[in-house]
Amino acid sequence: MNQIRFLRRRRLLPAALLLALSTAAVAATPATPATGRANLSALRSYDQYDRFIVTYRPGSSERGHPAAVLQHLGVAAARAFAGTPGVVAARQVPPGISYLRHLGNGAELVRTSRKLGAGDAATLMRQIAADPAVAHVEPDLLLHAVRDTRAPARTKAAPMDAATPDDPYYGEYQWDFFNAVSGVHLPETRTDFPGADGHGITVAVIDTGITAHEDLDTSLAADGYDFISDKMISGRASDGRVAGGWDTGDWTDQEPWQSACTDAAHPPEQSTWHGTNVAGVIGELTDNGLGMAGMAPAVHVLPVRALGHCGGYTSDIADAIEWASGGHVAGVPDNTHPAQVINLSLGGPGSCSGDDVTAKAIADAIGRGTTVVVAAGNDGADSANYTPASCPGVVTVAATGITGKRAFYSNYGATVTLGAPGGGIYQNDASSGQQAIPDGFIWAALNAGTTTPVAVQDGGSVYAGMAGTSQATPHVSATVAMMLSAAGDATPASRPTPAQIKALLASSARPFPVTPDRPIGAGMLDAHAAVAAALGVALPPTYTTLARGQLLSGQQGAAGQSIVYALDVPAGAANLSVRSLGGTGDVTLYVKAGDVPALDGSDADYTSARAGNAEAVLVPRPQAATYYIRLVAVKDFAGLSILGNYTGP
């Protein structure tokens, strides 16, 4: 298996024509600059850097003025490199600086005339940051789609089962929608909230773009935009951005990209069609008797291309976020379909500070009312060290498998909001072994092409299984669209804000069926509960009925999980007893007549909270009512039995 990870950019792209700056009148001894305004967290010793993003303070002479920027940076470069002890003579010559463009959120993008190692890049950035006019400086990183593990191709047409909708592959393949343990409870959502289909909502998928597909609505593809400004990344003949969100391919198994972006650890690959697959999870056409279903089939997907051959630059992605959410970017026509949701299944190394251009673009988007949903990453590491997964305000999504376990590849940590189905790849969501087909993957639309896309009429519309946080993320983006469409029907003027959406997703998440080995947020995505929460609707309790005097065995759950039982007690009954016994772990019992006790037991009529599993509640003279028993797991428990009994009629 070739597990996909963030690619490491070992060879930089060829630099454009650069402007050498005079270093006259510059002190030979470099100053000792401040470092607080320079984000060095993404610099890696094995990498090289030649693009930097500098944000000047409002009102400074440099902000928005290329000549002033070049003058300042030329001085900073000379101070950074002149007279550096212990270096070869060639490195004592400061690099030239060329001005590339002014970003949509006010920063300046520049390029050095030669590639710098991590140490030299840090030295230059610190020197730039020493100027009080500079608010922030960071490298222009080459980020990548959170490229996921792809399942082997399948050609067998999956038979239809009793599940709805009528899309023929739904029942066999799309466990992530309906599986009782690990799915997002989509069938219940469709039944109880038919308006929660994403209608009237635009989701921008900032990714590789989209391809034509017979099971996708690509009506907004021409209205999208290609934000890739570097011809090497875009694959076009010249630098510059173009209209349309179409994916023209991102293959790296041919020159010049094979030399520019691959190595032994990251072999060449064919085009991924990553954006098409993500768009399919969100809004694949549904109930059309074709292929697979989407979570929010009435949503408008706006494809925005920011990733191409070798990935995509931070500067382009930040501009894409600004534009997609309704902001203005110089040189690009304003977006006529501003998105209420942005899906970012992309990332790379480096912690995201609030001053980074990506964080500022996200803050601008949130300020416009756009919820930004981001993949945690596929490196099995703390997402606090990845961007944009650690940016303030985003909804960061980890991946779970069909058993509800954290997928072994999924990033984790305090910056994760919740988990969602991403596929566990192997049987029982293990970290190795035999692949689980189809239940180890998330299935959605793809293109049949290996480099450029294959047209629909030539058989280009295919489906594929992918596993990764890239696939978990669109489940959440679609759920946000469902929440907004349902809330808009109910009270159009009071749709939840992005901050409220994030809180509702967390509070409505259901407990993990298996305790995660690493923290991955508040729980598992529950689309049914999330839509209900957005509407302020209290869902009826889900419970298991206990039969008088009959032991219910084999109960198990994870710490924090809650299970509700109900026992009908008639008039004239006496000596009601509710007991839990056997097994391992630690549980607490809350009992209440006529209603389900709160999760914390604050409104329970009776409580049993001993250490271990041997809990008991005794009611000598019970009233005639249905008694609800909430079992809360203090620790993981298994092999537990529960018994409800009474004397009398």
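Quick look at the numbers
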| item | result |
| --- | --- |
| Residue in segment 434-441 that is within 17 Å of PRO516 (Cβ to Cβ), modelled with pLDDT of 95 or more and crowded, with 24+ Cβ neighbours inside 10 Å present | no |
| Top-ranked residue of segment 511-553 - restricted to ones that are assigned to a loop (DSSP other than H, G, I, E, B) and of a type in the set (Val, Ile, Thr), ranked as nearest to TYR565 (Cα to Cα) | THR542 |
| Test: GLY404 is in the same structural domain as GLY367 (by TED's automatic domain parsing), buried (at least 22 other Cβ atoms within 10 Å of the Cβ) and at pLDDT below 95 | yes |
| Neighbours by Cβ (under 7 Å, 6+ apart or cross-chain): first from segment 423-440, in contact (Cβ under 8 Å) with a residue 60 or more places away in the chain; second among the charged types (D, E, K, R) and buried (at least 16 other Cβ atoms within 10 Å of the Cβ) | PRO438/GLU172 |
| Residues that are small (Gly, Ala, Ser) and either surrounded by fewer than 18 Cβ atoms within 10 Å (Cβ to Cβ) or farther than 25 Å from MET466 by Cα (or both), drawn from segment 172-226 | ALA180, GLY195, ALA196, GLY200, SER219, ALA222 |
| Some residue of segment 481-491 being crowded, with 24+ Cβ neighbours inside 10 Å and closer than 18 Å to ILE442 by Cβ | yes |
| Matching helices (runs of 4 or more DSSP H) fully within segment 231-349 where at least 2 residues are small (Gly, Ala, Ser) | 257-261, 274-283, 314-324 |
| Selection status of ALA204, among the small types (Gly, Ala, Ser) and within 19 Å of the chain's Cα centre (by Cα) | yes |
| Residues of segment 448-480 that turn out to be surrounded by 24 or more Cβ atoms within 10 Å (Cβ to Cβ) and either out of contact with any Pro (no Cβ under 9 Å at 6 or more places or on another chain) or part of a helix (DSSP H, G or I) (or both), as a count | 15 |
| Of the criteria (1) part of a loop (DSSP other than H, G, I, E, B); (2) under 24 Å from THR647 (Cβ atoms); (3) out of contact with any Phe, Trp or Tyr (no Cβ under 8 Å at 6 or more places or on another chain), which one PRO622 fails | (3) |
| Residue match in segment 341-350 (condition: over 23 Å from ALA42 (Cβ atoms) and within 18 Å of the chain's Cα centre (by Cα)) | yes |
| The one condition in (1) over 30 Å from SER353 (Cβ atoms); (2) modelled with pLDDT of 85 or more; (3) in contact with an Asp or Glu (Cβ under 8 Å, 6 or more places away or on another chain) that ASP176 fails to fulfil | (3) |
| Filter pass, ALA414 being within 14 Å of GLY347 (Cβ to Cβ) and either at pLDDT below 95 or surrounded by fewer than 24 Cβ atoms within 10 Å (Cβ to Cβ) (or both) | no |
| Subset tally (residues that are surrounded by fewer than 24 Cβ atoms within 10 Å (Cβ to Cβ) and either modelled with pLDDT of 90 or more or of a type in the set (Val, Ile, Thr) (or both)) for segment 505-516 | 5 |
| Pairs, first within 27 Å of LEU142 (Cβ to Cβ) in segment 50-74, second among the aromatic types (Phe, Trp, Tyr) and assigned to a strand (DSSP E or B), C-beta under 8 Å, six or more apart | ARG51/TYR313; GLU62/TYR56; ARG63/TYR56; PRO66/TYR99; VAL69/TYR56; VAL69/TYR99; LEU70/TYR99 |
| Criterion (surrounded by 15 or more Cβ atoms within 10 Å (Cβ to Cβ), outside any loop (DSSP other than H, G, I, E, B) and without any contact (Cβ under 8 Å) to a residue 60 or more places away in the chain) met by exactly one of VAL587, VAL632, VAL578 | VAL587 |
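Residue by residue, here is whether (1) polar (S, T, N, Q); (2) in contact with a helix residue (DSSP H, G or I) (Cβ under 8 Å, 6 or more places away or on another chain); (3) touching a residue at least 12 places away in the same chain (Cβ under 8 Å) holds:
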residue	(1), (2), (3)
ALA237	no, yes, no
ALA243	no, no, yes
ALA260	no, yes, yes
PRO267	no, no, yes
THR272	yes, no, yes
VAL278	no, yes, yes
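The values are calculated or read from the model by the stated rules, or taken from the named source; none is laboratory data. In this text, all values refer to a predicted model and were calculated from it rather than measured experimentally. Quick reminder, even Gly has a Cβ in these numbers, built from the backbone with ideal geometry, and neighbours come from all protein chains shown.
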